[in-house]
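Heads up: the structure comes next, in structure tokens.
The values are calculated or read from the model by the stated rules, or taken from the named source; none is laboratory data. All of these numbers come straight from a predicted model, not from anything done at the bench. Note that we place each Cβ from the backbone using ideal geometry, even for glycine, and neighbour counts take in every protein chain shown.
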Amino acid sequence: MIKSKMFRWIEVNSYEQMSEIAAAIFTEQLAKKPDSVLGLATGGSPLGFYKEMVRRHQAGELSFARAVTFNLDEYVGKGPGDATSYHEFMHQNLFRHIDLPETARHLPNGLAEDLAAECERYEKLIEASGGIDLQLLGIGVNGHIGFNEPGSRFDSRTRVIELTEATRKSNARFFEKEEDIPAKAITMGIGTIMSARKIVLLAFGDNKTEAVKRLENGAVTEEFPASILRKHPHVTVIYGK
Ligand code: GLP
């Protein structure tokens, strides 16, 4: 059997168009396989996508009733109820508006006492779910995916990672004071992300142009984590400015 490889680049003119195309891809996934395992992301890039998914759900166009979700990451020391946690981001922007059962929503527990055990638990849970069918990604200006900072091993799995200054700075907009920005996070590893059957990456705006260029033409190197996606069998990059 010939293994087909697909790397699709979709250039868009607006953030809304990017969000709509991504929503169409996820809607199609859920239509074909209602019990899909979806990998979800946080940040500014997927906000419009979530809004569109909620709209489609409210219009009766799609249901998450049989789906399962796994988020990429969570800050160490943060959890539900904390406005700057990724738990809360997901609750406010997606979960509270849709019919995804509470027991089917998964994020790493940044409040776990034993963080190493939590990382192992999360990785095993993904595996036990049958693996991620469709993973959503953003991209950091330094090429990070999830919170896999430059230098992350391509075969890494869910683990605790120290955030770089660059990442803390670009996420500062979500926090009131600089000292509130967490120093560490739990993130799915690059190996975990690469195990997803399909991947959709969103990148919009002038500050992402360099990263998109590097993703397209740069070397495949652990110094630019997203570059490994070029070795993945099924990726769609939706980008624009
Ligand atoms: C954050 C998240 C990533 C996200 C990236 C880009 O640090 N951990 O999952 O893709 O940074 O964020 P944004 O979409 O806000 O530019």
**Asked** Taking region 1-45 on its own, how many of its residues are under 19 Å from PHE204 (Cβ atoms) and assigned to a loop (DSSP other than H, G, I, E, B)?
**Response** 7
**Request:** Taking GLU123 as meeting all but one of (1) more than 16 Å from the ligand (Cβ to nearest atom); (2) in a loop (DSSP other than H, G, I, E, B), write down the number of the exception.
**Result:** (2)
**ALA83 being without any contact (Cβ under 8 Å) to a residue 60 or more places away in the chain, farther than 26 Å from ASP35 by Cβ, assigned to a helix (DSSP H, G or I) and of a type in the set (Gly, Ala, Ser)** = no
**Asked** at positive phi, buried (at least 17 other Cβ atoms within 10 Å of the Cβ) and part of a loop (DSSP other than H, G, I, E, B), is that true of GLY143?
**Response** yes
**Item:** Residue ID - nearest to ALA185 (Cα to Cα), chosen from residues in region 32-52 that are of a type outside the set (S, T, N, Q) and away from the ligand (no atom under 16 Å from the Cβ)
**Value:** VAL37
**Message:** So, in region 146-174, how many residues would count as being surrounded by fewer than 20 Cβ atoms within 10 Å (Cβ to Cβ), of a type in the set (Gly, Ala, Ser) and either touching a Ser or Thr at 6+ places or on another chain (Cβ under 7 Å) or modelled with pLDDT of 95 or more (or both)?
**Reply:** 1
**Request:** Find the residue count for region 175-205, including only residues that are crowded, with 16+ Cβ neighbours inside 10 Å and either near the ligand (Cβ under 9 Å from one of its atoms) or aromatic (Phe, Trp, Tyr) (or both).
**Result:** 6
**Asked** Restricting the search to region 145-160, which residues are out of contact with any strand residue (DSSP E or B) (no Cβ under 9 Å at 6 or more places or on another chain) and not aromatic (Phe, Trp, Tyr)?
**Response** PRO150, GLY151, ARG153, ASP155, ARG157
**Message:** Quick check on this structure: which one of LEU137, LEU163 is of a type in the set (A, V, I, L, M, F, W, C), touching a strand residue (DSSP E or B) at 6+ places or on another chain (Cβ under 7 Å) and without any contact (Cβ under 8 Å) to a residue 40 or more places away in the chain?
**Reply:** LEU163
**Fill in**
In region 110-120, residues that are surrounded by 15 or more Cβ atoms within 10 Å (Cβ to Cβ), more than 16 Å from the ligand (Cβ to nearest atom) and part of a loop (DSSP other than H, G, I, E, B) total 2
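How many residues, within region 206-222, are charged (D, E, K, R) and surrounded by 15 or more Cβ atoms within 10 Å (Cβ to Cβ)? Outline the logic, then answer.
At the first step, the residues of region 206-222 found to be charged (D, E, K, R) are 206, 208, 210, 213-214, 216, 222.
Filter again for surrounded by 15 or more Cβ atoms within 10 Å (Cβ to Cβ), leaving 208, 214, 222.
Residues that pass the stated criteria total 3.
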